[in-house]
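Each reported figure results from applying straightforward, stated rules to the coordinates on display, with no laboratory input. Here the structure is a predicted model, which means the values were calculated and not measured. Heads up, the Cβs are rebuilt from the backbone with ideal geometry, glycines too, and the neighbour counts pull from every protein chain shown.
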Amino acid sequence: MLNLDLIQKNDRIIVAVSGGIDSMVMLDCLYKLKAEYNLFLAVCHINHHKRPSAINDLLFVKETAQRLGLDFIGYDYHHEGSENFHKASRKARLDYLLEASKKYSANKIALAHHADDLVETILMRLLRGSYLPGYGGINEQFQIEEVTIIRPLLGVSRQEITAYQSSHLIAYQEDDSNQEDVYTRNRFRHTLVPFLTQENPQYAGKFHNFSKYIQEAYEHIKKNASLFVKKHVEISPKEAVLPIRLLNKEDRIIQKEVLIQTVGAFTGDLVELAFEQLESLCDLLDSTKTRHELDLDQGLIALKSYDKLILYQEPPQSEPYEYVLNKPGEIVLPNGYTVSLCENTVNINGKYIELWYNDLDFILPITIRNRRPGDRLPMPYGTKKLKTFFIEKRVPHLLRDELPLCFDKFSNLLWIPGYYQKKPDQGNTKKLWLCYGKGNENARSRYRENPRQ
């Protein structure tokens with residue numbers, strides 16, 4: 001009856017028992033293996049307080065555990081807040097079961113999902129939409145922390161469970177809500193499953209095979225995507241950066257899994273991409289546009305900037321800044337970098353230019369600011385929009401609002417570090433050095449603590 005490949009001798013198992021036919025049959029099967037496999041079994045029941053008869057389920061399971069001489073642990077779950085009940089209670093059940101496993105030093109938790117649960121899950125996800133692992137339905141086993149979650153009845157149909165219960169006279173509690181078609185799963189159970197049974201009585205086994213194929217394919221895809229993420233994707237609290245050129249060498253299904261894993265790691269699994277969003281992101285990778293943005297979900301934005309795909313929790317918001325240097329010295333920019341005016345090269349660290357002059361009054365004060373709407377650069381033939389210049393120079397979009405623009409006393413643009421430099425005037429004999437660098441550790445620390453200031 002049970003999948004014995006999931007059970008080893010000396011296992012310590014927390015058995016999740018609702019009192020329904022499925023979990024009571026699973027408990028009976030495990031109990032009959034207890035002596036042969038030297039198993040430790042503890043029964044765990046969660047009371048959701050959704051029905052007046054829920055207390056009867058609790059007492060029934062507790063009395064059954066006591067009759068069998070097994071430890072019993074019960075938990076109360078009271079649903080609060082606006083979160084979906086089924087989603088919230090599912091998480092709470094898992095948390096309670098993990099808590100019980102720690103209490104009893106158990107290495108496994110047994111759940112009573114069976115083959116028809118698998119069928120219903122796959123059908124619902126096909127209609128609702130899901131990821132590849134979602135289409136695979138329910139896993140027979142998976143690891144959480146130090147505990148293995150097992151479903152030893154997953155290959156057993158509801159019909160086989162009912163036959164076992166009848167022949168072994170297993171007592172159980174009937175949940176009246178299982179007959180109510182207000183729940184999606186019940187509607188699938190009462191309408192689609194009878195049709196499948198009529199078409200092929202062995203439908204459950206076919207879905208089980210389908211599930212294994214999908215799960216095995218996904219494991220291969222996940223493995224390759226994980227290697228790519230580990231090797232090529234940069235994830236920080238501020239952003240996640242993916243190399244488009246390398247990602248485009250991968251098959252589209254690998255691209256999607258890389259995107260899913262990256263979004264999951266970056267957002268702490270708080271954002272789940274829909275199929276359409278994944279398709280749009282993959283299309284963005286192939287786009288000839290040098291810059292394009294996609295709004296995804298919960299404030300997550302994907303920005304294509306030349307050969308990089310950058311994910312943000314929110315758009316970067318660089319505040320306007322402006323500083324003035326009236327004499328040699330140093331100012332710290334909001335990004336933690338510094339601009340300094342030096343009289344010699346001793347303290348130069350980073351990029352720099354030479355400012356030639358005869359009279360400082362024609363240079364000072366120097367104004368340092370970030371870009372403003374309407375900024376233009378002087379060119380031999382006139383002027384050019386700064387925005388156009390940045391596009392032509394392929395300046396990363398994240399950098400455009402941070403880069404300092406350095407102007408002389410007469411608002412002539414002297415320098416944009418790394419991208420533009422005014423030609424020195426002829427005939428000048430003295431010089432200063434204008435420098436742009438990382439600054440000291442204190443400045444960078446202040447920026448890391450509050451990067452928007």
Inter-site label distance for THR197 and LYS384 at 7 Å from Cα along Cβ, in nm: 7.5 nm
The chain: calculated mean residue ellipticity at 222 nm from DSSP helix runs of at least 4, using -39500 (n - 2.57): -11500 deg cm²/dmol
Least to most buried among ARG376, ARG189 (fewest other Cβ within 10 Å first): ARG376, ARG189
Between the residues LEU360, LEU341, PRO373, the Cα farthest towards the positive end of the dipole of the stretch 333-414, that dipole coming from +1 and -1 charges on the beta-carbon of Lys, Arg, Asp and Glu, is from PRO373
So if I take the centroid of the Cα atoms in the stretch 178-248 and the same for the stretch 100-127, what is the distance between those two points in Å? 15 Å
Inter-label distance, nm, simple model (7 Å from Cα along the C-beta direction), LYS102/SER411: 6.4 nm
Hey, rough spin-label estimate for ARG245 and VAL324, points 7 angstrom out along Cα→Cβ, what's it come to in nanometres? 4.5 nm
Of the listed values [x] 4, 19, 28, 28, 17, 4, 0; [y] 5, 21, 28, 22, 14, 8, 2, 0, 0; [z] 4, 15, 20, 17, 13, 10, 9, 7, 4, 1, 0, grab the one calculated as P(r) over Cα pairs in 10 Å bins from 0, in percent from the structure here. [z]
Dipole magnitude of the stretch 322-449 about its Cα centre, charges +1 at Lys/Arg Cβ and -1 at Asp/Glu Cβ only, in debye to the nearest 20? 520 debye
Degrees, to the nearest 10: 115-128 long Cα axis against longest axis of the chain: 40 degrees
Relative to the longest principal axis of the chain, what angle (0 to 90°, nearest 10) does the C-alpha long axis of helix 158-168 take? 40 degrees
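Place a +1 charge on the Cβ of each Lys and Arg in the chain and a -1 charge on the Cβ of each Asp and Glu, then give the dipole magnitude about the Cα centre in debye, rounded to the nearest 20.
With Lys and Arg at +1 and Asp and Glu at -1, about 1760 debye.
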Relative packing of peptides 149-159, 129-139 - highest average C-beta neighbours within 10 Å first: 149-159, 129-139
Rounded to the nearest 0.05, what FRET efficiency do GLU83 and GLU145 give with R0 = 25 Å and r taken as the Cβ-Cβ distance? Could you check? 0.60
Nearest-ten-degree value, helix 85-103 long axis tilted from longest Cα axis of the chain: 80 degrees
Taking a threshold of 18 Å on the Cα-Cα distance, which of the pairs LYS327/LYS423; LYS351/LYS438; LYS249/LYS308; LYS327/LYS422 fall above it? LYS327/LYS423; LYS327/LYS422
Net charge near ALA92 (other residues with Cβ under 12 Å of its Cβ; Lys, Arg +1; Asp, Glu -1) is -1
